[in-house]
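One structure is given here, and the rest of the page talks about it.
The values are calculated or read from the model by the stated rules, or taken from the named source; none is laboratory data. If you're wondering where the values come from, they're calculated on a predicted model, not measured in any experiment. Glycine gets a Cβ as well: all are built from the backbone with ideal geometry, and neighbour counts include every protein chain shown.
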Amino acid sequence: MLYHAYEWTHATITPLRQASEMGLQAWSDPRNPWSGTPVARTMAASFEMFNNATKRYGRPAFNIDVIEAHGKPAAVRQEIAMEKPFCRLLHFRRYGEGCSDGKDPKVLIIAPMSGHFATLLRGTIEKMLESHDVYLTDWRDARNVPLTEGLFDLEDYVEYLIEFLQFMGPGCSVVGVCQPGVPALAATALMSEDKDPCRPDSLILMGSPIDTRVSPTDPTKLADEKSLQWFESNMISLVPMPNPGAMRRVYPGFLQLSGFMSMNIDRHIDAAMRQFNNLVKGDGEPTEAHRAFYDEYLAVMDLTAEFYLQTIDVVFQRHLLPKGEMTVKGRTVNLGAITDTAIMTIEGGRDDITGEGQTHITHTITPNLPEAMKEPYTNPDVGHYGVFNGSRWRSTIQPKLAAFIAQHRK
């Protein structure tokens, strides 16, 4: 009923939002002789803030059309390399003088399936495209996947990653951003045990909750304190009609977003107040930056109930991977099988979601990987999102990551 109440509320305020949009147009129209007055700007700002707070945010576009590859301009075309019911494997193909015709390392960037769309990694992708052949997991919104496509859980996630790597062929590196750390490590172990020629040359895990018993944070404490039954009773809803995935059990994106917002509510309130004041003043640059950030941040997707509950159970409550007890379709994941995939772990010193050491523990639980193939790195100045986006990502973190990939390329 929670999802239905959310949809009903959204539908109920639609007339108010339409009236607000008309008000915004009227007060900001340059043909209005009072549009430049403080009163008009204040009214227009109020209407815009209401619209932004109540509208539905759809899946953003990547908008990666031109980048610099090896210092020279290159066009980028987004292609669907493989399509599965719950995920598309995207290839960002580059065209231009700076492209190296297949000589750059192939990299699979695994986007987190944690409520936001893969477009959250736009800055990650743009920087990696400068010197890498980039593929990306583009997870689908579960509310748009018909029930006829079946279920999707954490074990299916691992199998998807293996299938994507086999499609890409030998010589790939994998970058797991946040949530994908556990399935990426599990996929690498299974492929290593099978001596699969497509197992990754290197695996980079960024802010990943490999073992949440290390330095617990507020999100990991919540996952551990509540029972699995509590999560199923309070966090799972049925997708309402007329969505394509109607009657599918999901963890709604709006619930995940409310959790994100509540962690830093003061910061979001301050940002909203600054945006209102900038709109009144007519200060265009910061208002556009605010819109761009929140257009991305407020766009959320639903997760399948089975994936969400299995992740809570396996990763955050029973910690099966670091304990050597995780299974995928009946097979035990043996991290000791990883002997020739180099592993780099990256953490942020200000990360309040993935605690200190939760990712670096990977080096302890892969006992048969030579020390020369392990590299932990902590940037003390970044939080969770700064690990893979922003100025320090571009200037410091990504160059270290790129050097690691190059060093261990076979």
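Give 190, 222 a once-over and let me know the one that is modelled with pLDDT under 95 and either among the hydroxyl-bearing types (Ser, Thr, Tyr) or over 18 Å from residue 357 (Cβ atoms) (or both). Please lay out each step first, then the result.
Working: 190 fails: modelled with pLDDT under 95.
Result: 222 is the single residue among 190, 222 that is modelled with pLDDT under 95 and either among the hydroxyl-bearing types (Ser, Thr, Tyr) or over 18 Å from residue 357 (Cβ atoms) (or both).
Being of a type in the set (Val, Ile, Thr) and assigned to a loop (DSSP other than H, G, I, E, B) is the filter here; which residues of the stretch 357-371 pass it? Give the steps one after another, and end with the answer.
So the first thing to find is which residues in the stretch 357-371 are of a type in the set (Val, Ile, Thr), and the list is 359, 361-362, 364-366.
Within the stretch 357-371, 359, 364, 365, 366 meet the criteria.
Inspect all residues belonging to the stretch 133-147 and state whether any of them is surrounded by 19 or more Cβ atoms within 10 Å (Cβ to Cβ) and closer than 20 Å to residue 209 by Cβ.
yes
Just to be sure, is residue 207 farther than 20 Å from residue 106 by Cα and either in contact with a Phe, Trp or Tyr (Cβ under 9 Å, 6 or more places away or on another chain) or crowded, with 22+ Cβ neighbours inside 10 Å (or both)? First the steps, then the outcome.
Details: farther than 20 Å from residue 106 by Cα: yes; either in contact with a Phe, Trp or Tyr (Cβ under 9 Å, 6 or more places away or on another chain) or crowded, with 22+ Cβ neighbours inside 10 Å (or both): yes.
Criteria met by residue 207.
Select the helices (runs of 4 or more DSSP H) contained entirely in the stretch 260-350, then report the ones holding at least 2 residues which are more than 19 Å from residue 44 (Cβ to Cβ), modelled with pLDDT of 95 or more and of a type in the set (A, V, I, L, M).
Numbers: elements: 265-281, 284-297, 305-311.
Ranges flagged: 305-311.
Just one of (1) part of a loop (DSSP other than H, G, I, E, B); (2) more than 20 Å from residue 114 (Cβ to Cβ); (3) among the hydroxyl-bearing types (Ser, Thr, Tyr) trips up residue 354, so point out which.
Single failed check for residue 354: (2).
Within the stretch 108-135, restricting attention to residues that are more than 19 Å from residue 390 (Cβ to Cβ) and of a type in the set (A, V, I, L, M), which residue is farthest from the chain's Cα centre (by Cα)?
Across the stretch 108-135, the extreme among qualifying residues is 108.
Suppose the filter is in the same structural domain as residue 310 (by TED's automatic domain parsing) and either in contact with a Cys (Cβ under 6 Å, 6 or more places away or on another chain) or surrounded by 19 or more Cβ atoms within 10 Å (Cβ to Cβ) (or both); does residue 364 pass it?
Numbers: in the same structural domain as residue 310 (by TED's automatic domain parsing): yes; either in contact with a Cys (Cβ under 6 Å, 6 or more places away or on another chain) or surrounded by 19 or more Cβ atoms within 10 Å (Cβ to Cβ) (or both): no.
Answer is no for this residue.
Would you mind finding the one in 357, 349, 330 that is exposed (fewer than 15 other Cβ atoms within 10 Å of the Cβ), out of contact with any helix residue (DSSP H, G or I) (no Cβ under 7 Å at 6 or more places or on another chain) and within 15 Å of residue 207 (Cβ to Cβ)?
Values: 357 fails: exposed (fewer than 15 other Cβ atoms within 10 Å of the Cβ); 330 fails: within 15 Å of residue 207 (Cβ to Cβ).
Going through 357, 349, 330 in turn, the sole match is 349.
In the stretch 28-51, what residues are of a type in the set (S, T, N, Q) and surrounded by fewer than 17 Cβ atoms within 10 Å (Cβ to Cβ)? Please lay out each step first, then the result.
As a first pass, look at the stretch 28-51 and keep what is of a type in the set (S, T, N, Q): 28, 32, 35, 37, 42, 46, 51.
Across the stretch 28-51, the qualifying residues are 32, 35, 37, 42, 51.
Step by step: first the residues of the stretch 372-410, then only those that are among the aromatic types (Phe, Trp, Tyr) and in a helix (DSSP H, G or I), then the one that is farthest from residue 355 (Cα to Cα). Which residue is that?
Among those that are among the aromatic types (Phe, Trp, Tyr) and in a helix (DSSP H, G or I), it is 404.
Inside the stretch 1-41, can you point out the residues that are closer than 30 Å to residue 249 by Cβ and either touching a Leu at 6+ places or on another chain (Cβ under 9 Å) or hydroxyl-bearing (Ser, Thr, Tyr) (or both)? First the steps, then the outcome.
Restricting attention to the stretch 1-41, the residues satisfying the condition of being closer than 30 Å to residue 249 by Cβ are 1-14, 17.
Residues satisfying the conditions are 1, 2, 3, 4, 6, 9, 12, 14.
Looking only at the stretch 184-195, decide whether some residue is over 15 Å from the mean Cα position of the chain (by Cα) and more than 24 Å from residue 368 (Cβ to Cβ).
No; the residues of the stretch 184-195 include none that is over 15 Å from the mean Cα position of the chain (by Cα) and more than 24 Å from residue 368 (Cβ to Cβ).
Looking for something closer than 25 Å to residue 163 by Cβ and free of Cβ contacts under 8 Å to residues at least 12 places away in the same chain - is there at least one such residue anywhere in the stretch 62-79? Reasoning before the result, please.
In the first step, residues of the stretch 62-79 are kept if they are closer than 25 Å to residue 163 by Cβ; the result is 62, 64, 76-79.
With free of Cβ contacts under 8 Å to residues at least 12 places away in the same chain added as a condition, the list becomes none.
Within the stretch 62-79 (the criterion being closer than 25 Å to residue 163 by Cβ and free of Cβ contacts under 8 Å to residues at least 12 places away in the same chain), the answer is no, since none of the residues qualifies.
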